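See structure below.
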Amino acid sequence: MCRFHIGGTGAAALRELLTSWAVREAGPPEPLPAMPPPPARELADPLDVARTSLDVWRAAGLGRESLHSRSTLAYRLDVAEDHRRCGRFIEAIALLHPLAEAAAQAFGPVDEDTLKVRNALGQAYLAAGDVDDGLDVLREVVVTAEHLHGSDGDLTLVLRNNLAVGYQQAGQYAQAIALHEQNVRHSEQNHGRDDLRTVGRRNNLAATLAFAGYRERAIGLYWEILDAMPDVGSDHSLAVTARQNLAILHNPSWKP
């Protein structure tokens, strides 16, 4: 439910009343801890070790092969993403590291596709639990995108969001929140406050605030998201997400 009616009480006052109750009953905020590294891959016998070593060698070889077209680059990115999603982080990194160098040579170090490969490499490091290397790569990618496309370029906003997610995974919420807030400001300036792209970035900020333990701020932001979407429909994915998260945040027993 996103509409409440109580005689003599306006919607704003009722929202504030419900929020203050949930915050009071929940007690002191506790941020979600940093994401733990994934468990080490289990290798049952020497055959598993040999098979894994061969897979890593093949992935690295694919990344080092000559790169002549963007379609070939897209295919290799898909292969690396498949490795990452299946938990084969070593293979993903082994492919993406030389692929980033090959893309820089073929298309230029600040080309959009080169930046996408480096972004994928940073995310693979994070997924593998190598937080420092992952954040280093993503920071470099964002700086390059800002220089090439501007602080408010569409690609810059996407890459900055990915860096914010990396900080969130590392439990570094101040940096993550600052980056999401920067994205919201740029999106409001470029597209307007109620544009769906802006609403989506505000949703990302609200989620990070909730995980950081800022329940009251997150609740207020989710209400703003719903207020900005009356013409889109209540079944839009952003509206559904906002309602679900509002319900969770009004449950005092929920902890990040």
Length-normalised contact order for the chain - Cα pairs under 8 Å, 6+ apart - percent: 20
On Cα atoms only, tilt of 237-249 relative to the major axis of the chain in degrees: 70
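Give me the dipole magnitude in Debye, nearest 20, for the chain about the Cα centre, with unit charges on the beta carbon: positive for Lys and Arg, negative for Asp and Glu.
Details: 25 positive and 33 negative charges, 101 e Å.
Computed charge dipole of the chain: roughly 480 debye.
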Cα gyration tensor category, rounded, prolate or oblate, for segment 66-170 with a/c compared to 1.5: oblate
Inter-label distance, nm, simple model (7 Å from Cα along the C-beta direction), residue 40/residue 188: 4.9
For segment 155-169, 3J(HN,Hα) per residue [Karplus equation, 6.51 cos²θ - 1.76 cosθ + 1.60, θ = phi - 60°, Hz, x = Gly/Pro]: 5, 4, 4, 5, 5, 5, 4, 5, 5, 4, 4, x, 4, 4, 4
Crossing angle, helix 112-127 versus the chain [Cα axis fit, 0-90 degrees, rounded to tens]: 80
Leading residue at positive end of dipole, the chain (Cβ point charges), from 253, 138, 33: 253
The chain: angle of helix 11-26 to the longest principal axis, Cα-based, in degrees nearest 10: 60
The chain: calculated mean residue ellipticity at 222 nm from DSSP helix runs of at least 4, using -39500 (n - 2.57): -23500 deg cm²/dmol
Three-way shape label, segment 119-252, alpha-carbon gyration tensor, a/c 1.5: oblate
Cα gyration tensor category, rounded, prolate or oblate, for the chain with a/c compared to 1.5: prolate
Under the Karplus curve 6.51 cos²θ - 1.76 cosθ + 1.60, θ = phi - 60°, whole-Hz ³J(HN,Hα) for segment 38-44, x wherever Gly or Pro sits: x, x, 4, 5, 8, 10, 6
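Among 78-90, 43-55, how do they line up from the highest to the lowest mean number of other beta-carbon atoms within 10 Å?
78-90, 43-55
Readers should treat all values here as calculations from the given coordinates under stated rules, not as data from a laboratory. Keep in mind that what you see is a predicted model, and the values were worked out from it rather than measured. In this analysis, Cβ positions are derived from the backbone assuming ideal geometry, glycine residues included, and neighbour counts consider all displayed protein chains.
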